[in-house]
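Read through the structure below, which is laid out as structure tokens, and then see the notes.
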């Protein structure tokens, strides 16, 4: 199921009402702004969280530290880090195949990792079926994003159908594990505002594509994050708390 603007009202109605778990949710947790907010939103609705992160050969492995910290902060029942070496065949500057762009580019940027979300969701689907999860949560948005093909609603709708056909419980019982993308049509500034209302500490998150100790401020992810906080009218706490 792809979440559209009309679904946001239902989320808002249930966030404050949830008191007991409504089921388990596998949350794809990179440690970045979007996935962290998605985890807090799922918790607020009443899901028990099973966080899933990936060490895929990314230059910015610092995000895995953030993912572990966020998983603890949000009270995840479990946090698994799966190692998949996507760097071995190259194809992305995010895994070392060329420099990270520091200026806006046209078209799909070199930081796109081929089939990354497809691979991540496939692993999440297997994990979710094994633990009896009732949802998979992913924090993608196609409003303020870098143009990655696997962050679009068309992809998620197609993936949902494929996941259903590959699922034992769907084939035998007709029971779907929906892929929830609550921010798909939400601007990044809106994600920040929602996260702050949910109590997210954004100083725990990491968005920069570079592998340093401080955000570079120049990569596409840093620029999108800076614009989101500026449009939300609040300072980015990561910039004041980043290690010297």
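The values are calculated or read from the model by the stated rules, or taken from the named source; none is laboratory data. Quick caveat: nothing in here was measured; it's all calculated off a predicted structure. Note that we place each Cβ from the backbone using ideal geometry, even for glycine, and neighbour counts take in every protein chain shown.
Just wondering, is there one or more residues in region 115-129 that are in contact (Cβ under 8 Å) with a residue 24 or more places away in the chain, touching a strand residue (DSSP E or B) at 6+ places or on another chain (Cβ under 7 Å) and closer than 15 Å to residue 58 by Cα?
The answer is yes; a qualifying residue exists.
Yes or no, residue by residue, for (1) modelled with pLDDT of 95 or more; (2) outside any helix (DSSP H, G or I); (3) farther than 21 Å from residue 49 by Cβ:
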site	(1), (2), (3)
139	yes, yes, no
142	no, yes, yes
155	yes, no, yes
158	yes, no, yes
175	yes, yes, no
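Outside any helix (DSSP H, G or I), surrounded by 17 or more Cβ atoms within 10 Å (Cβ to Cβ) and out of contact with any strand residue (DSSP E or B) (no Cβ under 7 Å at 6 or more places or on another chain): does that describe residue 192?
The answer is no for residue 192.
Determine if region 89-112 includes at least one residue that is surrounded by fewer than 14 Cβ atoms within 10 Å (Cβ to Cβ) and touching a strand residue (DSSP E or B) at 6+ places or on another chain (Cβ under 8 Å).
Taking every residue of region 89-112 in turn, none turns out to be surrounded by fewer than 14 Cβ atoms within 10 Å (Cβ to Cβ) and touching a strand residue (DSSP E or B) at 6+ places or on another chain (Cβ under 8 Å).
All but one of (1) buried (at least 21 other Cβ atoms within 10 Å of the Cβ); (2) more than 23 Å from residue 22 (Cβ to Cβ); (3) touching a helix residue (DSSP H, G or I) at 6+ places or on another chain (Cβ under 9 Å) hold for residue 125; which doesn't?
(2)
Of the residues 86, 28, 59, 49, which is more than 24 Å from residue 189 (Cα to Cα), in contact with a strand residue (DSSP E or B) (Cβ under 7 Å, 6 or more places away or on another chain) and either surrounded by fewer than 23 Cβ atoms within 10 Å (Cβ to Cβ) or modelled with pLDDT of 95 or more (or both)?
Matching residue, one of 86, 28, 59, 49: 49.
Whether any residue in region 17-24 is surrounded by fewer than 17 Cβ atoms within 10 Å (Cβ to Cβ), closer than 18 Å to residue 208 by Cα, out of contact with any helix residue (DSSP H, G or I) (no Cβ under 7 Å at 6 or more places or on another chain) and in contact (Cβ under 8 Å) with a residue 40 or more places away in the chain is what I want to check.
Among the residues of region 17-24, not one is surrounded by fewer than 17 Cβ atoms within 10 Å (Cβ to Cβ), closer than 18 Å to residue 208 by Cα, out of contact with any helix residue (DSSP H, G or I) (no Cβ under 7 Å at 6 or more places or on another chain) and in contact (Cβ under 8 Å) with a residue 40 or more places away in the chain, which makes the answer no.
Those residues that are loosely packed, with under 14 Cβ neighbours inside 10 Å and closer than 23 Å to residue 140 by Cβ, I need them from region 218-243; list them, please.
Within region 218-243, just 230 meets the criteria.
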